1. From the list ALA120, ALA114, ALA130, ALA82, exactly one residue is modelled with pLDDT of 90 or more, in a helix (DSSP H, G or I) and under 30 Å from VAL154 (Cβ atoms). Which is it?
2. Report yes if some residue within the stretch 262-283 is buried (at least 23 other Cβ atoms within 10 Å of the Cβ) and either modelled with pLDDT under 85 or closer than 17 Å to LEU93 by Cα (or both); otherwise report no.
3. From TYR151, TYR211, TYR170, TYR155, which residue is free of Cβ contacts under 8 Å to residues at least 60 places away in the same chain, surrounded by fewer than 18 Cβ atoms within 10 Å (Cβ to Cβ), under 26 Å from ILE38 (Cβ atoms) and not β-branched (Val, Ile, Thr)?
4. Of all residues being exposed (fewer than 11 other Cβ atoms within 10 Å of the Cβ) and of a type in the set (A, V, I, L, M) in the stretch 111-129, which is farthest from TYR170 (Cα to Cα)? Just the residue, please.
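The values are calculated or read from the model by the stated rules, or taken from the named source; none is laboratory data. Only a predicted model underlies this, so the values are computations on that prediction, with no experimental measurement involved. Cβ: placed from backbone, ideal geometry, glycine included. Neighbour counts: every protein chain shown.
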Amino acid sequence: MEPSTPSLTRIQTESKTIILASYTHFITLALFFLPLSITLITSPSTLDYILSVDYILTFDHKRIIYILTIIMIYILTICGTATITYSTHQRFLNNLVNLQTVLKSLTYNFLPLAFTVFIAHVIICLISLACFTFVGLILMFVQKLGYVVDYNVVYVILGCVLVVIIMFFYVNWSLAYVVVVVESKWGFSALIRSWYLVKGMRFVSLVIMLYFGVFGGLIVLMCSGYIGVLVFTLGSIFIMMFWLRITAANTLLYNYCKVLHGELVVTEVVEDFGCDYADFPTDVEKVPRGVNVAVA
C-alpha cells in the first residue's frame, strides 16, 4: 500500500490514539517533564533573579542550588524524551512493552541522547556567535564610513535572522533524538541522519514545532503572571502534556519519514484504530493495532 504524506492532523490523531490506548503508561512517563513544566511557568521571576546584580556578584548556596536544579531538570527531561520516544515507537510497530522495559532502555539511551543534545546546543551557540561577530564587523565598517546606525533596527533584524536560522536547524534535527533511541546512533551521526530523514517532510516538522510551540508558549504566558495555586497547577500539567504530545508526534513523524524513504513497508493500515485492540500486561492497558510495518 502506497503511504500518503502525513499531515499535522493525521500525526496528531494517531499520536493521541497511541497515548490514550496506554494512558496510564504515558502519563507516568510524562511526569519526567513536570519539573521542566513548573520551571517554565515560574521562569519570569526566576530569570529576573538570575539576571540581577546580587546574583551575579555573589556566590552562595542559593546559586549552587539553582545550578543543581537546572542539571536535575535537564536529566529528567532527557529521561522523559527517551522513554516516551521508545514507547511511542514500539506502539507504532505494535510491539509489546511495559514500564520496566522502557525504564531499562534508559541505561543505554540516556548518555548518547544527552551528548547529542549537548552537541546540537553547542553548534547553535557557535552559529549564533558567528552571526553576532559578522554583524558586529559590518557595523564597525559602516560606522567608519561615517554612517549613523540605528541599533534598535539592527537588533530587530538580527533577532529575526537568528530565529529563522535556529528554527531551520531544529527542524532538520527534529528527529535526532528519535534516531538516538531507535537506531542507537548519537552525536553528529544522529544529527546527520535526522537531516536526511526529514528531507521532503520539513514543512510537516515545522508545522508540528510551530503548533505545539505557539500554544505551549501562550499557556506559559497566560499562567506565568498568576500566583494562584490552581492556575499554576493546571498550567504545569498542560505544559507537561504538550511535551508528551510533541515527543510522540515527532516519533511518529520519524516512522513516516522512514516509510517515505522506503526503509519501512506499510503492510496494513487500519483507519479506525479503535476497531482492533490487543490485551497487554496490567501497566499497558490497550494498544492500537493500526499499522503493521516491515523493514524494507
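1. Step by step, each of ALA120, ALA114, ALA130, ALA82 is checked, and only ALA120 is modelled with pLDDT of 90 or more, in a helix (DSSP H, G or I) and under 30 Å from VAL154 (Cβ atoms).
2. No: zero hits.
3. TYR170
4. LEU129
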